[in-house]
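Only one structure is covered here, and it is reproduced in the block below.
The values are calculated or read from the model by the stated rules, or taken from the named source; none is laboratory data. Keep in mind that this is a model prediction, so the values were computed, not measured. Neighbour counts run over all protein chains shown; Cβ positions are idealised from the backbone, glycine included.
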Ligand code: DX5
Ligand code: ZN
């Protein structure tokens, strides 16, 4: 069954606690927390603030998405996360990626690797047997509210063919209209930011995305 991870990226600071409670009450499966350092992506978020609000106001597992230059260092602020996913484009070698994955596993955190729209899956192929999940970005990382890039779903299909049981998370531009196409490509976790918070009935939105 597809699981749903609302992203709280677009939530204003003074509404964060109530937004986390809304996500928790919606029947969603995770809270997706986007950490941005203004270097790996041009946008900056206060990831620790978002993470603490989610940790204090929800029992949902926290799915941390690192869009930062030094994921190994930034990870230290998120050790209570259920899963932490770093971008393969933010590390200098497969060896460094494997060190991060090992560190996360030593801390009982599910390890994920993410790829940008123009990164081919060949770059992460040898990590697929080590990670717990892959995030396939369907927008250029950095901002919510962008349009889903359907060509990226070809990579979801490719990974699904290689790894029938691996968690594949699709992140960016998913809404109630294109969620079925995302599910059919083989996604097992779907991130929704704008589409979730713009929907009148959050529980219904979760059910529609879950399919
Ligand atoms: C973008 C983030 C996404 C984003 C999703 O860089 O990684 O998680 O918040 O928001 P929507 O669903 O609005 O694209
Ligand atoms: Zn994200």
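If a residue must be touching a strand residue (DSSP E or B) at 6+ places or on another chain (Cβ under 7 Å) and assigned to a loop (DSSP other than H, G, I, E, B), how many such residues does the range 147-167 contain?
Looking only at that region, the number is 1.
Of all the numbered requirements in (1) touching a strand residue (DSSP E or B) at 6+ places or on another chain (Cβ under 7 Å); (2) closer than 21 Å to residue 71 by Cβ; (3) in contact (Cβ under 8 Å) with a residue 40 or more places away in the chain, residue 170 misses one, and that requirement is (3). Criterion applied to 11, 2 was being surrounded by 15 or more Cβ atoms within 10 Å (Cβ to Cβ), at pLDDT 95 or above and more than 14 Å from ligand 2 (Cβ to nearest atom), and the one residue passing it is 2. Just one of the listed residues (170, 206) is within 20 Å of residue 34 (Cα to Cα), in a strand (DSSP E or B) and either within 16 Å of ligand 1 (Cβ to nearest atom) or modelled with pLDDT of 95 or more (or both), namely 170. Please verify whether the range 111-133 includes one or more residues that are within 16 Å of ligand 2 (Cβ to nearest atom) and either more than 25 Å from residue 78 (Cβ to Cβ) or part of a helix (DSSP H, G or I) (or both). So far as the range 111-133 goes, no, none of its residues is within 16 Å of ligand 2 (Cβ to nearest atom) and either more than 25 Å from residue 78 (Cβ to Cβ) or part of a helix (DSSP H, G or I) (or both). Residues in the range 180-211 that are without any contact (Cβ under 8 Å) to a residue 60 or more places away in the chain, under 14 Å from residue 6 (Cα atoms) and within 16 Å of ligand 2 (Cβ to nearest atom): 195 alone. In this structure, does residue 10 turn out to be within 15 Å of ligand 1 (Cβ to nearest atom), outside any helix (DSSP H, G or I) and either within 28 Å of residue 183 (Cβ to Cβ) or in contact with a helix residue (DSSP H, G or I) (Cβ under 7 Å, 6 or more places away or on another chain) (or both)? When the stated conditions are applied, residue 10 passes them. Output the residues belonging to the range 183-201 that are more than 11 Å from ligand 1 (Cβ to nearest atom), in contact with a strand residue (DSSP E or B) (Cβ under 8 Å, 6 or more places away or on another chain) and assigned to a helix (DSSP H, G or I). Correct list: 183, 185.
Restricting attention to the range 79-89, the residues that are buried (at least 23 other Cβ atoms within 10 Å of the Cβ), in contact (Cβ under 8 Å) with a residue 40 or more places away in the chain and more than 14 Å from residue 30 (Cβ to Cβ) add up to 1.
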